[in-house]
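Comments concern the structure below.
Derivation of every value follows stated rules applied to the coordinates shown; laboratory data play no part. From a predicted model like this one, the values you see are computed outputs, not experimental measurements. No Cβ is skipped: glycine too gets one built from the backbone with ideal geometry, and neighbour counts run over all protein chains shown.
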Amino acid sequence: MALLEVENLKVEFPTRKGVLTAVDNVSFNVEQGEILGVVGESGAGKSMTGAAVIGLLEPPGRIGGGQIRLDGKRIDNLSPDEMRKIRGRHIGAIFQDPLTSLNPLFTVGEQLVETIRTHLPMSAADAKKRAIGWLAEVGIPAPDRRFDQYPHQFSGGMRQRVVIALALCAEPRLIIADEPTTALDVSVQAQIIALLKRVCRERNAAAILVTHDMGVIAETADRVAVMYAGRLAEIGPVAHVLQKPSHPYTAGLMGSIPRVGPRPKRLIQIEGSMPRLTDIPSGCAFNPRCPKVFAECHRIRPELRPVADGAAACLLYEGVTQ
Amino acid sequence: MFVFLVRRLLQAVMVMLAVAFIAFLMFRYLGDPVNNIVSQDATQQQREEVRQRLGLDDPMAIQYGRFVINAAKGDFGVSYRNSRPVSALLAERLPATAELVLVAALLSLVLGIPLGIYTALKPRGVLSQGLQIMSLIGISLPTFVTGILLILVFSVWLGWLPSFGRGDVIDIGWWSTGFLTASGLKALILPSFMLCLFQLTLIMRLVRAEMLEVLRADYIKFAKARGLKNRAIHFRHALKNTLIPVVTIFGLQLGGLIAFAIITETVFQWPGMGALFIQAVNFTDVPVMAAYLVMVSLIFVIINTSVDLLYNVIDPRLRTDPTRASGKGA
Ligand SMILES: Nc1ncnc2c1ncn2[C@@H]1O[C@H](COP(=O)(O)OP(=O)(O)OP(=O)(O)O)[C@@H](O)[C@H]1O
Ligand code: SF4
Ligand SMILES: [Mg+2]
């Protein structure tokens, strides 16, 4: 059984003009210890999917359908307090901005100890020892001294290390990292990703890693999910999706990544932009921009089908005649 | 920290010197001090003698210096009206005002902060909405009107609480306190409530607004993601951040309470410094007015300086910290 199973997940926002569907019928699994990359244009629903899994959708956003299971047990219909006990303990989260994720008025030590003691039965002294251990683990020099310092005394990269320690200190088996390096200096981004990968691997923790950086996906993830307009376009092993994408959208996305190399290939941009939630076309959501579009694409909504080692939602693979 | 302290104290001294200068000008130019001492039919020569004795012919700077030194020693001369030393008059009236202001300040915090938190956490509750409306009324009614309404309801109609005076007081050294007798405590209720009402509503609305703002912050979202209990999130993480602006406003308003105490003391015939000041104004009793001015300013300055220091305690970012430089670097 997979660690996390997401089945037909729908995330909705009721508005005056009707209900918007930010995440539409998304299904995927995350295996024990696996790193799943999630990519897609801005507004594709990546963050909303993560927020739904960890139970932190901000009202009026809500789960409008489907199931989320952790170890086979449903977690999408738990009471607020039951869900709170899962957060931090079983599912951890790391957000974009390390500068604002830490409470400025508490030392990093206080924040670590409080998190550890919320979830694990432990004396204050043991929790402190463990907290210092975590600071060392995430590569913070002089952890005993740093334990008593406030967030403003750390640099951005160091703060994100603290955030990683905070997300992992109660030993969850799944981490949701939503663009964990976007706000950081380019020079420290790679270090933070490498750290995240190392701590996950060492503890056999799985991760959902949302990023815009294909290089990060290529180096870090085992599988990758591609989202478009709230739907899952394609999911599969990284090597497969990156080199031989099945879905025309993924192909376009890969084409638009400038390659580092002696002879940069021509930049293939996907024409147009992703539709707003209010006017998603019928049939395949990608049809206005798809180079391979055909008549049925405007009528039939493609389902996710197994293709090669992964799965893609495109009528080309549904045996629909062109 | 030490540098900060010294700088802050220097500023406070400068402010006090400026206030003393205004008080000095009042002394010197609000009526002729000689007239207040000699009898109506004194000769010109007698007048000159008094002038000399009082040092009124000395250069301004020397007179001012003398005034400041005397003021620092607590010597503001003798009241024109009842010929007693001003310092003694003020000392006699200080406890009444201090106790009134203290109770009002505590009430505004003890009621204002929890009510603010409550209305922020349950913004749609019936009680919250009711409190919001009440606070609007509280903030817009003139205080003497609420004071008179309070007297009407609790003293005249219900007869529960006294409408004037301090009740029985007990002397502890030179301090007379109303805290130790039942009638003294009862007498405090209405005046302190009237006095605190404006500040209470202000603090409640401020705490509410700040709390709502803080609850949207990223570190609150991350605290939720860490699975912290609601209690810890609301009362540890959110409240502490909320309190920073509250401390400022509270400090500013504490001075305001002392100033507004003049009105309360008049409405309730409370024998405090404010009432003394109003009498002094009626009789142009300049030494008392000057002393009141200096004294209230001193309290203002002490409060503001303490608030600045308190910030440093609450907010670690403001502490000048030698480890900070070495703590940099990814
Ligand atoms: N409060 C809201 N009301 C209505 N729609 C919302 C609300 N919050 C988010 N959305 C919509 O939900 C959709 C998905 O947003 P989401 O944040 O998941 O995108 P994302 O893939 O994470 O994008 P990015 O790369 O920019 O982070 C967006 O189209 C957004 O407009
Ligand atoms: S279903 Fe049609 S429009 Fe959609 S991706 Fe496939 S070919 Fe393109
Ligand atoms: Mg996002």
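What to note about this one:
- √(5λ) per eigenvalue of the Cα gyration tensor, region B:99-185, largest first, Å: 31, 18, 11
- For region A:289-316 versus region A:65-100, the gap between their alpha-carbon centres in whole angstrom: 32 Å
- Nearest 10 degrees, 0 to 90: helix A:108-119 Cα axis against chain A principal axis: 70 degrees
- Each residue of region B:164-171 is assigned a 3J(HN,Hα), and the resulting list reads 8, x, 9, x, 7, 10, 10, 8 Hz, derived from the Karplus form 6.51 cos²θ - 1.76 cosθ + 1.60 (θ = phi - 60°), x at Gly and Pro.
- Longest DSSP-loop-exposure-free segment, trypsin sites (Lys or Arg not before Pro), chain A, at most 16 other Cβ within 10 Å: A:18-258
- Across q = 0.07, 0.10, 0.15 Å⁻¹, chain B modelled as identical point scatterers on its alpha-carbon atoms has Debye log10 I(q)/I(0) values of -0.41, -0.77, -1.27, in the order of the q list.
- Seen against the Cα atoms of chain B and their longest principal axis, helix B:273-282 is set at about 40 degrees.
- Neighbouring partner chain Cβ atoms per residue of A:147-158, average, 10 Å criterion: 4
- Per-residue Cβ neighbour rank within 10 angstrom, fewest leading, B:SER192, A:SER155: A:SER155, B:SER192
- Region B:2-72, dipole about Cα centre (Lys/Arg Cβ +1, Asp/Glu Cβ -1), debye to the nearest 20: 460 debye
- Considering only beta bridges that DSSP places wholly inside chain A, some 60 percent are antiparallel.
- Nearby lysines by direct alpha-carbon distance to A:LYS17 (threshold 25 angstrom, same-chain neighbours under 8 apart not counted): A:LYS46
- A Cβ-based charge dipole, computed about the Cα centre of chain B with Lys and Arg at +1 and Asp and Glu at -1, lands at about 1960 debye.
- In terms of Cα atoms, the Rg and Dmax of region B:1-114 work out to 19.8, 68 Å.
- Between helix B:44-54 and chain B: long-axis angle, C-alpha atoms, 0 to 90°, nearest 10: 40 degrees
- Per-residue shielding of A:96-109, expressed as the average number of other chain Cβ atoms within 10 Å of the residue Cβ, stands at 5.
- Cβ-defined net charge surrounding A:ARG231, 11 Å radius [Lys, Arg +1; Asp, Glu -1]: -1
- The dipole here belongs to region B:187-244: it is taken about the Cα centre, uses +1 on the Cβ of Lys and Arg and -1 on the Cβ of Asp and Glu, and is about 380 debye.
- Hydrodynamic radius (Kirkwood) for region A:163-224, which is based on Cα pairs only, to one decimal in Å: 11.9 Å
- Since only B:VAL6, B:ALA61, B:ALA18 are under comparison, the one whose Cα sits farthest along the positive direction of the charge dipole of region B:2-72, derived from C-beta charges on Lys, Arg, Asp and Glu, is B:VAL6.
- For region A:56-61, backbone phi angles converted through the Karplus equation (6.51, -1.76, 1.60; θ = phi - 60°) give residue-by-residue couplings of 10, 5, 8, x, x, x Hz, Gly and Pro being listed as x.
- Residue among A:ILE140, B:LEU293, A:VAL38 farthest towards the positive dipole end of the protein assembly as shown, charges placed on Cβ: A:VAL38
- Within chain A, all pairs of alpha-carbon atoms sorted by distance into 20 Å bins from zero give the percentages 31, 55, 14, 0.
- Proximal charge balance of B:SER183 [Cβ under 12 Å; K/R count +1, D/E count -1]: +1
- Zero-based 5 Å bins, Cα pair distances in region A:84-234, whole percents: 2, 10, 19, 22, 21, 14, 7, 4, 2, 0
- Local electrostatic count, A:VAL307, Cβ distance below 13 Å [Lys/Arg +1, Asp/Glu -1]: -2
- Whole-Hz ³J(HN,Hα) from phi, Karplus 6.51 cos²θ - 1.76 cosθ + 1.60, for region A:25-34, glycine and proline x: 6, 8, 10, 6, 10, 10, 7, 3, x, 8
- Amide H contacts under 5 Å for A:ARG305, placed H, 5+ residues apart: A:ALA312, A:ALA313, A:CYS314
- Taken over the alpha carbons of the protein assembly as shown as equal point scatterers, the Debye sum produces base-10 log I(q)/I(0) values at 0.06, 0.10 Å⁻¹ of -0.54, -0.98.
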